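Beneath this line is the structure, given in structure tokens, with notes to follow.
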Amino acid sequence: MPAITLEEVLLTADRRIHERGRELFSQGTVSQATRAADVLQARVAGSSVHPYRIRIDLTAGVWSCTCPYDQGAVCKHVYAVALAGLEAPRQFEQATVKNNSALETLLKALEQLSDEESWTLLEALERLRPEIIEEYAFNIAQRDNGW
């Protein structure tokens, strides 16, 4: 998909999503908002026990949300973040653009792990960062089970 603007993200939403996304934005549910170049990331409180994670990449023309919504192009959480980017740009901290080579190296190393080594890694993550494992497991279960 080619580059897009935040306005174009908003235009992809139907009327119901427009109303619900604006309501989320107005209620102040958008948090931990950062912007690095044309990539906006934030969390949005919703009906889940964990805030949803939203990422909008304007250059690539793509966006994602960890919610299970699959009835249209844009969910209310993506809409709320795009709206925040337009109407409350100061809410977004400028994120430092990091060198992705370390992450790419790590991902390549992960591809080489055996099942046993992968399991050991997950156990270590559960011990060191249980909140991330819990949130990830919850999001997977919610996605697999629908709403």
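Bear in mind that the values in this text are calculations on the coordinates, not laboratory data. Keep in mind that what you see is a predicted model, and the values were worked out from it rather than measured.
Remarks
- For the chain, the longest principal axis of the Cα atoms and the long axis of helix 130-145 meet at an angle of about 70 degrees.
- For the chain, calculated [θ]222 nm from helices alone, where every DSSP H run of n ≥ 4 adds -39500 (n - 2.57): -15000 deg cm²/dmol
- In sequence order, calculated HN-Hα J values of the stretch 80-87 (Karplus, 6.51, -1.76, 1.60; Hz; x Gly/Pro): 4, 5, 4, 5, 4, x, 8, 9
- 3J(HN,Hα) from dihedral phi, the stretch 24-40, Karplus parametrisation 6.51/-1.76/1.60, rounded to Hz, x for glycine, proline: 4, 4, 5, 7, x, 7, 7, 9, 6, 7, 9, 9, 10, 6, 9, 10, 9
- Phi-based couplings in Hz for the stretch 110-116 (Karplus 6.51, -1.76, 1.60; Gly and Pro marked x): 4, 4, 8, 5, 6, 4, 5
- Amide H contacts of Thr66 (H built 1.01 Å from N, under 5 Å, at least 5 apart or other chain): Arg53
- The DSSP beta bridges internal to the stretch 16-147 are antiparallel in roughly 90% of cases.
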